[in-house]
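**Q** Take this structure, written in structure tokens, and hold onto it; I'll ask about it next.
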Amino acid sequence: MSSTGPGTQRREGIPLGSIAGVPVILAYSWFLIAALIVAVFGPQVRDAFPRLGAGAYAVALGYAILLLLSVLAHEAAHALTARAYRWPTSKIVLTLWGGHTQFGDLRSTPGRSLLVALAGPAANFLLAAAGFGVLQLLSRDGVAWLVTFIFVSANLLIGIFNVLPGLPLDGGRIVESAVWKVTGSQERGTVAAGWAGRLIAVLILAAVFIPPYLRGGAPSLSLVLLTALVCGFLWMGAGAAVTNARVRLRLPQVSAGTLMEPALSLPAGAPVGQALRLVREHPNAPLILTAPTGQPEAVVDRSALASVPPEQAEQVPVSAVARPLAPGAYVPEAAAGQELVSYLAKLQGSEYAVINSDGTVTGLLRQAAVVAAVTGKPVRPRR
């Protein structure tokens, strides 16, 4: 499977080297699936070949490693195809769920996105074909034949499962690319593919549970657990894809000028009395203090302002009843989209002055308003 997004700095697992300059990391969670494979297949191999004894578990471990190599080939195919299109490819991570190839921010086309996604399943089909050729050379009563047969079956399963048309599976790019081509919006394609992924999860559940119950039986516990894991993974991955796409759809409408609260400015050295007069004239407008250079530097605290005794209003500077803005916490009215969100994410504090093209303060932008616009969730009223 492939994914996009910035890389993380935390240590995810064991570095295994690189492929075409792309780092490969073995996540610690892989050891869980390896242990499960050894526990499940070890006894089966021992029963089929009693002479192996405890060596049957070594054979099962060998199968786990072959499966790991199959997943690596899948992800390497994603990475190499992406490199052919000069996509920034940050890393390959082999995980409990198989693996993913992480790409940086990029601008692509529906066709290229589809080819990069389907390169992974294609690699598994090629491995299955090669394994099938090897099978013809082996004796059916040997351990090598059994391991090779499982290897072929696993690659076919990985390939077929990943071409199912729904995210987070590679085949979801089929739906995404088709909708993207028709609408001109990758994000709308991602939303459609995410819902297709949710539908696939529901259909898998139905296929596992309904037929046995119609026959008056029930699926085995191991099948129920495996289905729950797979469908849970699909549902969460599809949900994350839909959520992220909806955020990207909203980003172009996120701008400082539309989200700000109209504000008034006055010099930081002005007396409290002047601020009180402005408050009486404009009761709902935030007051932003500016330095002698005109740069916004603080926001007047209304509660602190009201607590100043009237007889001291002309002697106390308004800066004494203000909370400072974080360094650089001001943005142009025209700032919008990903650029605005990325800049604000680097700042401390939750309030930002908004200035026009002349550098004059025109508004106050609150972090909560930006978050609400990006997520589509209303701002909770402050208590």
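The values are calculated or read from the model by the stated rules, or taken from the named source; none is laboratory data. These numbers come from a predicted model, not from an experiment. Note that we place each Cβ from the backbone using ideal geometry, even for glycine, and neighbour counts take in every protein chain shown. Note: areas computed on protein heavy atoms with side chains; ligands, DNA, RNA excluded. Shrake-Rupley method; radii C 1.70, N 1.55, O 1.52, S 1.80 Å.
Here's the yes/no breakdown for (1) part of a strand (DSSP E or B); (2) modelled with pLDDT of 90 or more:
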position: Arg11; (1), (2): no, no
position: Ala64; (1), (2): no, no
position: Val71; (1), (2): no, yes
position: Thr81; (1), (2): no, yes
position: Ser90; (1), (2): yes, no
position: Thr101; (1), (2): yes, no
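**Q** Determine if the range 128-148 includes at least one residue that is in contact with a Leu (Cβ under 8 Å, 6 or more places away or on another chain) and at pLDDT 95 or above.
**A** Yes, the range 128-148 contains at least one residue that is in contact with a Leu (Cβ under 8 Å, 6 or more places away or on another chain) and at pLDDT 95 or above.
**Q** Taking the conditions exactly as written (surrounded by 14 or more Cβ atoms within 10 Å (Cβ to Cβ), of a type outside the set (S, T, N, Q), in contact with a helix residue (DSSP H, G or I) (Cβ under 7 Å, 6 or more places away or on another chain) and under 20 Å from Arg366 (Cα atoms)), does Val299 satisfy them or not?
**A** Taking the combined requirement at face value, the residue does not satisfy it.
**Q** Something else about it: Determine, yes or no, whether Ala304 is among the small types (Gly, Ala, Ser) and crowded, with 19+ Cβ neighbours inside 10 Å.
**A** When the stated conditions are applied, Ala304 does not pass them.
**Q** Turning to a different aspect of this structure: Only residues that are without any contact (Cβ under 8 Å) to a residue 12 or more places away in the chain and surrounded by 19 or more Cβ atoms within 10 Å (Cβ to Cβ): list them for the range 35-48, please.
**A** Matches in the range 35-48: none.
**Q** Would you check which residues across the range 49-100 are open to solvent by 40 Å² or more (accessible area, probe 1.4 Å) and under 20 Å from the mean Cα position of the chain (by Cα) and list them?
**A** Selection gives Pro88, Ser90, Leu96, Trp97, His100.
**Q** Now for a separate question. Just give me the residues in the range 279-337 being in contact (Cβ under 8 Å) with a residue 60 or more places away in the chain and closer than 25 Å to Ala373 by Cα, in sequence order.
**A** Pro286, Ile288, Pro296, Val299, Val331, Pro332, Glu333, Ala334, Ala335, Ala336, Gly337
**Q** Let me ask something additional. Which of the residues that make up the range 221-251 are touching a Pro at 6+ places or on another chain (Cβ under 9 Å) and without any contact (Cβ under 8 Å) to a residue 12 or more places away in the chain?
**A** Listed by number, the list holds a single entry, Met236.
**Q** Right, something else. If Phe103 satisfies every condition in (1) open to solvent by 20 Å² or more (accessible area, probe 1.4 Å); (2) touching a Ser or Thr at 6+ places or on another chain (Cβ under 8 Å); (3) within 25 Å of Ala20 (Cα to Cα) but one, which is the exception?
**A** (1)
**Q** Sticking with this structure for a sec: Could we say that Val224 is under 30 Å from Ala123 (Cα atoms), β-branched (Val, Ile, Thr) and open to solvent by 50 Å² or more (accessible area, probe 1.4 Å) here?
**A** Against the criterion (under 30 Å from Ala123 (Cα atoms), β-branched (Val, Ile, Thr) and open to solvent by 50 Å² or more (accessible area, probe 1.4 Å)), Val224 does not qualify.
**Q** So, Glu187, is that one touching a Lys or Arg at 6+ places or on another chain (Cβ under 6 Å), modelled with pLDDT of 90 or more and over 17 Å from Phe233 (Cα atoms) or not?
**A** Against the criterion (touching a Lys or Arg at 6+ places or on another chain (Cβ under 6 Å), modelled with pLDDT of 90 or more and over 17 Å from Phe233 (Cα atoms)), Glu187 qualifies.
**Q** Quick one: Met260 ticks every box in (1) open to solvent by 30 Å² or more (accessible area, probe 1.4 Å); (2) farther than 17 Å from Thr362 by Cβ except a single one, so which number is it?
**A** So the condition that Met260 fails would be (2).
**Q** Tally the residues that are in a loop (DSSP other than H, G, I, E, B) and polar (S, T, N, Q), restricting the search to the range 339-368.
**A** Counting residues in the range 339-368 that are in a loop (DSSP other than H, G, I, E, B) and polar (S, T, N, Q) gives 5.
**Q** All but one of (1) open to solvent by 30 Å² or more (accessible area, probe 1.4 Å); (2) within 20 Å of Thr190 (Cα to Cα); (3) of a type in the set (Gly, Ala, Ser) hold for Ala119, so report the exception by its number.
**A** Answer for Ala119: the failing condition is (1).
**Q** Could I ask something else about it? Give, as residue ranges, the strands (runs of 3 or more DSSP E) completely inside the range 237-321 that count at least 1 residues that are among the polar types (S, T, N, Q) and more than 30 Å from Arg173 (Cβ to Cβ).
**A** Counting at least 1 such residues, we get 264-267, 287-290.
**Q** I'm trying to understand the selection: among the residues of the range 124-158, which are in contact (Cβ under 8 Å) with a residue 40 or more places away in the chain and either within 22 Å of Leu52 (Cα to Cα) or open to solvent by less than 20 Å² (accessible area, probe 1.4 Å) (or both)?
**A** Answer for the range 124-158, where residues must be in contact (Cβ under 8 Å) with a residue 40 or more places away in the chain and either within 22 Å of Leu52 (Cα to Cα) or open to solvent by less than 20 Å² (accessible area, probe 1.4 Å) (or both): Asn124, Val143, Leu146, Val147, Ile150, Phe151, Ala154, Asn155.
**Q** Quick check: is even one residue across the range 293-305 within 21 Å of Asn162 (Cα to Cα) and touching a Leu at 6+ places or on another chain (Cβ under 9 Å)?
**A** No, that holds for no residue.
**Q** Among the candidates Ile204, Ile200, which residue alone is among the β-branched types (Val, Ile, Thr), buried (at least 21 other Cβ atoms within 10 Å of the Cβ) and either touching an Asp or Glu at 6+ places or on another chain (Cβ under 6 Å) or in contact (Cβ under 8 Å) with a residue 12 or more places away in the chain (or both)?
**A** So the residue among Ile204, Ile200 that is among the β-branched types (Val, Ile, Thr), buried (at least 21 other Cβ atoms within 10 Å of the Cβ) and either touching an Asp or Glu at 6+ places or on another chain (Cβ under 6 Å) or in contact (Cβ under 8 Å) with a residue 12 or more places away in the chain (or both) is Ile200.
**Q** In addition: Taking Leu32 and the conditions (1) without any contact (Cβ under 8 Å) to a residue 12 or more places away in the chain; (2) part of a helix (DSSP H, G or I); (3) not charged (D, E, K, R), which numbered condition does it fall short on, given that it satisfies the others?
**A** Going through the list (1) without any contact (Cβ under 8 Å) to a residue 12 or more places away in the chain; (2) part of a helix (DSSP H, G or I); (3) not charged (D, E, K, R), Leu32 breaks only (1).
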